[in-house]
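The values are calculated or read from the model by the stated rules, or taken from the named source; none is laboratory data. In this text the structure is predicted, and so the values were computed from the model without any measurement. All Cβ positions, even for glycine, are placed from backbone atoms using ideal geometry, and neighbour counts span all protein chains on display. Protein only, heavy atoms only, side chains kept; ligands, DNA and RNA dropped before computing areas. Shrake-Rupley method; radii C 1.70, N 1.55, O 1.52, S 1.80 Å.
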Amino acid sequence: MARQKISINPSAKLFEAYMDFSGGMNSETSNERLRDNEFPQLDNVDLTSRGSARRRTGRRLIASVPGKAQGVFFYYRPGQSEPDLIFAVSGRLYVIENGTTSPKEIKFRDGFTFQTERQIDAVQYGPDLFITTGTKLCELTYHDDPHWLSETEYVVGDKVRVEDRIYECQTAGTSGTVAPSHTEGLAVDGTVVWRYYSLVWDAKVVTPYTPSVMEAIYIGTNALADNPDLYIQDGIGELEVVGIKPEKRTGTVNEDMLMVAYINRPETLDPANVEYKWEYKRSAETNWTVGKDWTKGPDGKTWTFHPDTSNYYDIRVTIRESSKETPTPQYALTNYTVNPVENKTANTSRPSDMIHSCNQIRLHWDRLILFGDTKYGYQAYISDLNAPRYFPVANTISFDTGKQEPITAIVRYRDMLIIFTKTTIQTLVGKSPEDYKRGLIHDGLGCIAPRGAAVVGNHVAFLSAEGVHLLKPNQFILEVMNVARIDYPIKSEIPEDPIACALSYDSQFRICFPSRKTIYRLYYENGMWVRDRSSKLNFVQMIHYGNDVYELSEDGRLYKQDPTIYTDDGEIYPMIVESKYLDLSASFNQKKLKRLYVLARHYDETVDLFVTVKADSALALTPEKGRVEIIDGWVEWIVTTEPNIHFYSGTLIGTWIMGKVPLGDIQISVQKAAIRGRCRRVKV
């Protein structure tokens, strides 16, 4: 039962004001449970001003390259106040240099092209931008060399710039009066010989670092090489030993270990006429023991070492021509480790043949981390310290938990890495492979979108198959985290979209679903959600530098957010605010509607509102107007929509319309509309 409020003056009008929007959007809770500051629909609304609703700002187009967008990155040039923008579309790279507005294509050396279907990624280390193209690991460098000058002395190794080309001096001398213009090989300029070096934007496939014999054994061979085991081979030159390759990185007591010697020799010397002598000793001792005396040809090139105790050993090989008694300089492999039992960690290498198909990359403690290969997607490949072109095979880590799921995203968070698959969340703590520690946070929840995770304040937000979640660290133990869902007010609207992208900026977590052309924004400091809609919001990546936000659409359009405009590349989007059904504090009583007041602050332009008021299910106010027209002898009802509440900007006397336009610069005003009807609830 309900009793009407007793009022001394029954004719008094009941009036309620709603000016608080800080509850944000809530499309899940029933109308009766919604708070007065929550709204079933908040489209294209900015709630930054402490819960006041205003129209969001828009974006402008800065570049358009038709095709499938694959990624956008920053390139930081020394001495530049802002970074350059590098973006990839349909297997091609483009750059918008700082201070310019037109994109230029970047050509790879040797005509290299990369795949056109998958996303790609990049990070900068020193002057080089390393790009995981999904075909090969590539690098991009900007050559900021001095411009060519006429009648100037140059020495060997000098580099000069002519337009967008770089030349390297091969023969010292004095330049002439006409700049070099060739695009391959050598050309003479005065008395200088120039070799064409590259374009100013120098893009090329990474040349794998060739490890020394000791590096290959104690650190590992380079997974980037086409055949990592070919780090030493026989060559042509003066007769000498260039290295010893053991069968395994470490030996085991009482097990045979094959040793192979590799040499350089004169082209005229038959390898069958080369003799080998093998010796060994414990590293701490001084006397050598002959393991295999002088032996000619292929039989002498190899030796089977059979250690009887665990220790560090030195292995030495000496060679000579069989017709000569004088041996060449010796070569020794020092501190070769022999363990009591086999060290399977050192001797078992994970497959690395698909490393070049990786399409994601991170920089962590001066090491590059590659992941996202097309065959072993659960693996990550980690470079050697300060060596971005050297990925020891021993530094390959698997994050498989038995599900064979590929890594979808890796997020750098404080001193650790958060590794996501579709259904797991793991951590990697440590600064090097020697002290890395893996941890498991969740074995049933993960991130489904490679670009769907971002650090938000002190937490990590990510898109899972069950919605948007947040990782919250334990304040006492960094590696321990709790998982909490944060999209309850809009959870039925969040799709499973593997190409969704996320961004944390301006105290907001933004997640874009390009298939729906919709962005959901969470003001994470107070939990307010809003929704942005426009036909231009089909972004596959969003990045920001300082106050500048750049967005790459799936069809190759690059946008920049602009706080001074209120369109998306010229498209006018409506700001929509829909209230719940209001009962005016008397749920069970009939109300007689009289008037709607709208209070707004506006600036230098007239603001038009399309206002609809529903009295229960009946329309009490609508922006729609209808009229009858006779068209081709038929009577038709024509419906049009026009603004029904206007907030006029101030005006000058010369254009003042009496009774229509107020004088002066109007900022805050109240407009009203008469409404009729009897109802229990009313919606605006």
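Classify the stretch 394-470 as rounded, prolate or oblate, taking a ≥ b ≥ c as the square roots of the eigenvalues of its Cα gyration tensor: rounded when a/c is under 1.5, otherwise prolate if a/b is larger than b/c and oblate if not.
Taking the square roots of the gyration eigenvalues as a ≥ b ≥ c, the stretch 394-470 is oblate.
Given a Förster distance of 22 angstrom, what is the FRET efficiency for R627 paired with A673, based on the Cβ-Cβ distance and rounded to 0.05?
Working from the Cβ atoms, E equals 0.60.
On average, how much accessible surface per residue is there in the stretch 275-432, in Å², for a 1.4 Å probe, leaving out ligands, DNA and RNA?
Each residue of the stretch 275-432 exposes 44 Å² on average to a 1.4 Å probe.
So what is the calculated 222 nm ellipticity per residue for the chain, using -39500 (n - 2.57) for each DSSP H run with n of 4 or more, over all residues, to the nearest 500 deg cm²/dmol?
The helix-only estimate for the chain comes to -500 deg cm²/dmol at 222 nm.
Take every Cα pair under 8 Å in the chain that's 6+ residues apart, average their separations, divide by the length, and report that relative contact order as a whole percent.
Over the chain, the number comes to 12 percent.
Just subtract the alpha-carbon distance of S587 and A12 from 0.36 nm times their residue separation and send over the number in nm, one decimal.
Gain on stretching S587 to A12: 205.2 nm.
How far apart, in nm, are two points set 7 Å out from the Cα along the Cα-to-Cβ line at T174 and at T48?
6.1 nm
Can you pull the three principal axis extents for the Cα set of the stretch 26-180, in Å, largest first?
The Cα atoms of the stretch 26-180 stretch 87, 34, 28 Å along the principal axes, largest first.
Keeping all protein chains in position, work out how much accessible area M19 exposes to a 1.4 Å probe, and write it in Å² to the nearest 10.
130 Å²
Please say if the stretch 245-373 is rounded, prolate or oblate, where rounded means a/c under 1.5 for a ≥ b ≥ c the square roots of the C-alpha gyration tensor eigenvalues, and otherwise the choice is prolate for a/b larger than b/c and oblate otherwise?
Cα axes put the stretch 245-373 in the oblate bin.
Report the local net charge at A465: Lys and Arg +1, Asp and Glu -1, summed over other residues whose C-beta lies under 11 Å from its C-beta.
Value of the local net charge: -2.
Report the one residue of G467, Y196, C447 whose Cα lies farthest in the direction of the positive end of the charge dipole of the chain (charges on C-beta: Lys and Arg +1, Asp and Glu -1; origin at the Cα centre).
G467
What's the center-to-center distance, using Cα atoms, between the stretch 405-477 and the stretch 102-137 in Å?
Between the Cα centre of the stretch 405-477 and that of the stretch 102-137, the gap is 26 Å.
So which lysines pass the test for K403, namely a Cα distance under 26 Å, with those fewer than 8 places away in the same chain ruled out?
Leaving aside lysines fewer than 8 places away in the same chain, those within reach of K403 are K344, K375, K422, K437, K472.
So how far apart, in nm, are the two label points at N386 and V577 if each is 7 Å from Cα heading toward Cβ?
In this crude spin-label approximation the distance works out to 5.8 nm.
May I ask you to derive the FRET efficiency for E285 and N254 from their Cβ-Cβ distance with R0 = 22 Å, giving the value to the nearest 0.05?
0.65
Using the crude model of +1 on Lys and Arg Cβ and -1 on Asp and Glu Cβ, and no other charge, please compute the dipole size for the stretch 215-333 relative to its Cα centre, in debye to 20.
220 debye
Measuring from a point 7 Å past the Cα of T641 along Cα-to-C-beta, which residues in the stretch 664-683 have an amide N at less than 11 Å?
Label zone hits: none.
What are the lysines whose alpha-carbon lies under 23 Å from the alpha-carbon of K672, with same-chain residues fewer than 8 places away excluded?
Partners found: K13, K580, K591, K592, K594, K614, K625, K660, K683.
How long are the semi-axes of the ellipsoid equivalent to the chain, from square roots of 5 times the Cα gyration tensor eigenvalues, in whole Å, largest first?
Semi-axes from the Cα gyration tensor: 70, 34, 18 Å.
Can you compute the FRET efficiency between S150 and L61 using 1/(1 + (r/R0)^6), with r the Cβ-Cβ distance and R0 = 60 Å? Round to the nearest 0.05.
0.90
Suppose each label sits 7 Å from its Cα in the direction of the beta carbon; what would the T401-V598 distance come out to in nanometres?
Reported label-point gap for T401 and V598 is 5.1 nm.
Among E434, E493, what's the order by accessible area (1.4 angstrom probe), most exposed first?
Order by accessible area, largest first: E434, E493.
Which of the lysines could a cross-linker bridge to K107, judged by Cα under 21 Å and excluding same-chain residues fewer than eight apart?
In chain and number order, the partners are K68, K136, K159, K204.
Select from Q233, N222, Y378 the residue farthest towards the positive end of the dipole of the chain; place +1 on Cβ of Lys and Arg, -1 on Cβ of Asp and Glu, and compute about the Cα centre.
After comparing all options, I get Y378.
Which percent of the accessible heavy-atom area of the chain goes to carbon and sulfur, probe 1.4 angstrom?
Carbon plus sulfur share of accessible area: 50 percent.
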